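Beneath this line is the structure, given in structure tokens, with notes to follow.
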Amino acid sequence: MLVDRSPSNLTSREPLLKILRDGLRPGQQEIADWQGGRLAVSAVPGAGKSTGMAVAAALAIARHQLHTKRQLVVVTFTRSAAANIKSKIRDYLKTLMLPQGGFVVHTLHGLAWSIARSYPELSGLNPDSVLITPNQSHRLIRNSVEQWIGLNPSLYQQLLEGRQFDGEETERLRRQAVLRTEVLPALADTVIREAKSSGLMPQDLRDQSYQVADGSILTIAAGLYEQYQLQLKSRNSIDYDEMVLGALRVLENPSVRSRWQTQVFAVFEDEAQDSSPLQTQLLELLATDPNHAENHQNLVRVGDPNQAINSTFTPADPVFFRQFCQQCSDDDRLAEMNQAGRSSPVIIDAANFVLTWVNRHYSKVSTDEALTESATPFRSQAIHPVAFDDPQTDANPLPIGLGLEIYTPEDVYKTVELIGQRSLTLFTEDSNAQAAVLVRTNEQGRFVTRELKRWHGEDLNVFEVGQRDRQSHIPAEILSLLQFLDRPHSPDHLKAALLVLVGRRLIPTQDLNALVTFPEQFLYPAPLDPPQSPQVREASHYCVSLLRARLELPLYQLISFLAYTLNYDQTELATANKLSERIMQQTTENSLGAMLETLSEIVNSEKFEPVEAEDDDRYTRPSQLTVITMHKAKGLDWDTVFIPFLHENMIPGSLYVPPQAKFLGDFTLSEVARAQIRAIVHENLIPDIETAWKRAEYLKTAEEFRLLYVAMTRAKRLLWMSAAKRAPFSWNKSENLDDRKPCPLIPALKAQFPGSVIDDDVEF
Ligand SMILES: Nc1ncnc2c1ncn2[C@@H]1O[C@H](COP(=O)(O)OP(=O)(O)OP(=O)(O)O)[C@@H](O)[C@H]1O
């Protein structure tokens, strides 16, 4: 399309711009009216952040006549959110008859990597590095622990002795195992993420450890972190924080920085409550105007401080976005998006009630000064229904049933039975209805899915997100098949491969033991062997065709071939390809044996990150009951949301010290280190162990309640909540039920919404 940037054209576009802007809600209009500078937008759930941001982006592109050399950079958290907002902005630009070059949409890490990768000499990062996401059992973390132990015998000895140690040999061995395999890997994992994402280096931690009376945990933390950095380098690997650090190093160069800053007109950030200090630093730098004497930034950060639910897993601390909102508010640069059209009014009332009730009961639980900034779990911000003339069709829809329903089933089995029956009724009445069960843990999700299958079989379409998304089956399945290709006559390998084929429903279920007793006979029956049944023949043909592929295909194509053979879907295929590339990269020798070695290591020790699906809609399909964790449900919504198992031991739960680690004290090293590092980042006094542990406990409680708030605000027309009287302690042994206390919010909600309490014997 031809681009006309003449002023007359801009004037002629004004009426169109006005129409777009007037179609927004008051809070959305405030972003659309942004002309420059810093702006914080605190938005309630369902406020229409994406729509607001997309229109604002299109208006900014039009008003400032942006183009490929001067762009608006939109940053979101996930790739699916990026795809979504990109298509919205494109549509608005089409309406305005503007070219598409004035903006780019990135995920934060995508942006950081593109900067770091283009200047390897400045970032110090090799563009071919392997990206890893370390967790406790990751090889790199385990090696860092071993290295640290070797280099710090006396600190290690102190840990071993802990409290009350009589020098007994078996006890010493037990403690060693706990330290090596649990305590120190957990500490390393937490510390690396917390410190690194805040821009702290190992030496910073070491320097700070001298400031606190008992700084030994920080000293150990610094040592582990140091070893990890060495490991990363020697293995040509990087992690996500390294990408951001690399990008920041690139931007230290004045001429490169100025080039980027000239290219970037402004940065619009979504889900800003989830950003770490390091990420924020990067965005602030890019948003800075190089031609302005003062540090002028064109930066719009949109988020909901009350949906900050990631700090246990990522070091995004809810305090940072709240602080940003506060600073902007002081300069009169805070916009609030308080109206939301997503839910029926009673659901909004329930969410608002939760927010105020929790703030009243859980604020200032401690006299600890450092908590004052986050002294309430929630920022006080109520959700309001939209105005009667709101442009959103079907805003604040009519409720289904009572809109809010609270149940107290006998036990967790009865709970699932109620959910199953209700879903069937909903889907029978309206085949477009969407529904989801939101659970706190993956184990609960597995329990719900299993029980629903047991009750309803194929009658109810259940989609368990946890299982499919982990995709952990992929490396394991490929490994089984490759092992078989390597040694087809091993009964164990043959059996494992057949199990995979049966599991994928490629060959009929049958007595596999009978097939694997004589592998040669099964694979290549001689004329005089007893004839094979059709089922056996089918299985045999499959295996032989795999073996043929092994001979005919080059090694690098083998995994992709196996993935096709296993009938993987699009996302699974992408994951298998990623796996294949990773193995090829890590394998020095071109042989099946070397490939197997690398793959076994991945399967045994590491989490392999699957490729994320782009289409979120598979979670919200009509007539499908989606089973999903509360964390993953963020950003999505359904007509009906079931939230079962609301028990006190889960929400808010409490921090847990495993009995085997109690020899170190009544706290965990990781949580204490986390609280101490946060104090360093916030420039507070570093707390002693006891205070640090209490602080960690408070942060967890606050986060659990925010998680529940996120879950509740996913419901459009029916919010179904329950706390069963009896529940298992361990969801893997769900047959042992005990009496369970409800989450303290349940009695409070019942008292506030008596009309929503459903007696045990009433069924809809
Ligand atoms: N101003 C508006 N006019 C018409 N429809 C709107 C408007 N704002 C939001 N909507 C509609 O409301 C729904 C949710 O909006 P949107 O996708 O922008 O929200 P979101 O960003 O996903 O929500 P959240 O605020 O929870 O992050 C969409 O169907 C969208 O079309």
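Just so it is clear, none of the values below were taken in a lab; they were calculated from the coordinates. Not measured: the values here are computed from a predicted model. Here the Cβ is made from the backbone with ideal geometry for all residues, glycine too, and neighbour counts use every protein chain on show.
Details
- Helix runs (DSSP H) in the chain reaching 20 Å along axis by Cα, Kyte-Doolittle at least -0.5: 49-63, 216-234, 345-362, 412-429, 534-552, 689-712
- Each Cα pair under 8 Å and six or more residues apart adds its sequence gap; the mean of these over the residue count of the chain is a relative contact order of 18 percent.
- Segment Glu161-Arg726, length gained on full extension (0.36 nm per residue, minus Cα span): 199.3 nm
- Dipole of the chain, positive end: most advanced residue of Ser197, His647, Leu553 [Cβ charges, Cα centre]: Leu553
- For region 419-469, the calculated P(r) over all alpha carbon pairs, in 10 Å bins from 0 to the bin holding the longest distance, is 24, 56, 20, 0 percent.
- Test item: Cα-centred dipole of region 473-605, Lys/Arg +1 and Asp/Glu -1 on Cβ, debye: 200 debye
- Taking the alpha carbon gyration tensor of the chain, multiplying each eigenvalue by 5 and rooting it gives semi-axes of 42, 34, 33 Å, largest first.
- Counting every other Cβ atom within 10 Å of each residue's Cβ, Phe667, Phe388, Phe103 order from fewest to most as Phe388, Phe667, Phe103.
- Segment Ser255-Asp91, length gained on full extension (0.36 nm per residue, minus Cα span): 55.5 nm
- Extending 7 Å from the Cα toward the beta-carbon at both Gln35 and Ile19 defines two label points whose distance is 2.5 nm.
- Those aspartates and glutamates that a straight Cα-Cα span of less than 20 Å connects to Lys18, excepting residues fewer than 8 apart in one chain: Asp4, Glu30, Asp33, Asp91, Asp389, Asp390
- Debye log10 I(q)/I(0) at q = 0.13, 0.17 Å⁻¹ for region 473-605, Cα point scatterers: -0.53, -0.88
- Hydrodynamic estimate: the Kirkwood radius of region 679-764 over Cα pairs, inserted into Stokes-Einstein at 25 °C and 0.890 mPa s, corresponds to D of 147 µm²/s.
- CD proxy at 222 nm, helix term only [per DSSP H run n ≥ 4: -39500 (n - 2.57); per residue of the chain; nearest 500]: -16000 deg cm²/dmol
- Taking the number of Cβ atoms within 10 Å of each Cβ as an exposure proxy, the fewest-first ranking of Glu601, Glu697, Glu169 is Glu169, Glu601, Glu697.
- Debye intensity ratio I(q)/I(0), log10, region 130-235, q values 0.16, 0.22 Å⁻¹ (C-alpha model): -0.71, -1.21
- Assigned charges on the beta-carbon of Lys, Arg, Asp, Glu; the chain dipole about Cα centre (debye): 1200 debye
- When the charge dipole of region 130-235 is built from unit charges on Cβ atoms (+1 for Lys and Arg, -1 for Asp and Glu) and taken about the Cα centre, the candidate among Tyr156, Tyr225, Gln211 whose Cα reaches farthest toward its positive end is Tyr225.
- Toward the positive end of the charge dipole of the chain, with +1 on the Cβ of Lys and Arg and -1 on the Cβ of Asp and Glu, the farthest Cα among His296, Gln323, Phe265 is that of Phe265.
- Mean Cβ count within 10 Å, highest first, over the residues of peptides 551-563, 574-586, 155-167: 574-586, 551-563, 155-167
- In straight-distance terms, cross-link reach from Lys741 covers every one of the lysines whose alpha-carbon lies under 20 Å from its own, apart from those fewer than eight places away in the same chain; here that gives Lys414, Lys700, Lys725, Lys733, Lys750.
- Label sites at Asp617 and Thr509, each approximated as a point 7 angstrom past Cα along Cα to Cβ, lie 3.4 nm apart.
- Order by protection proxy (mean Cβ within 10 Å, highest first), peptides 627-638, 324-335, 25-36, 671-682: 671-682, 627-638, 25-36, 324-335
- The fewest-to-most ranking of Lys453, Lys196 by surrounding Cβ atoms within 10 Å reads Lys453, Lys196.
- Net charge dipole, region 130-235: roughly 480 debye, given to the nearest 20, about the Cα centre with Cβ charges of +1 for Lys and Arg and -1 for Asp and Glu.
- For region 473-605, averaging the sequence separation of C-alpha pairs within contact (under 8 Å, six or more residues apart) and dividing by the residue count gives a relative contact order of 28 percent.
- The alpha-carbon of Lys196 sits under 16 angstrom from the alpha-carbons of these lysines, leaving out residues fewer than 8 places away in its chain: Lys233.
- Secondary structure note: in the chain, about 10% of the DSSP beta bridges are antiparallel.
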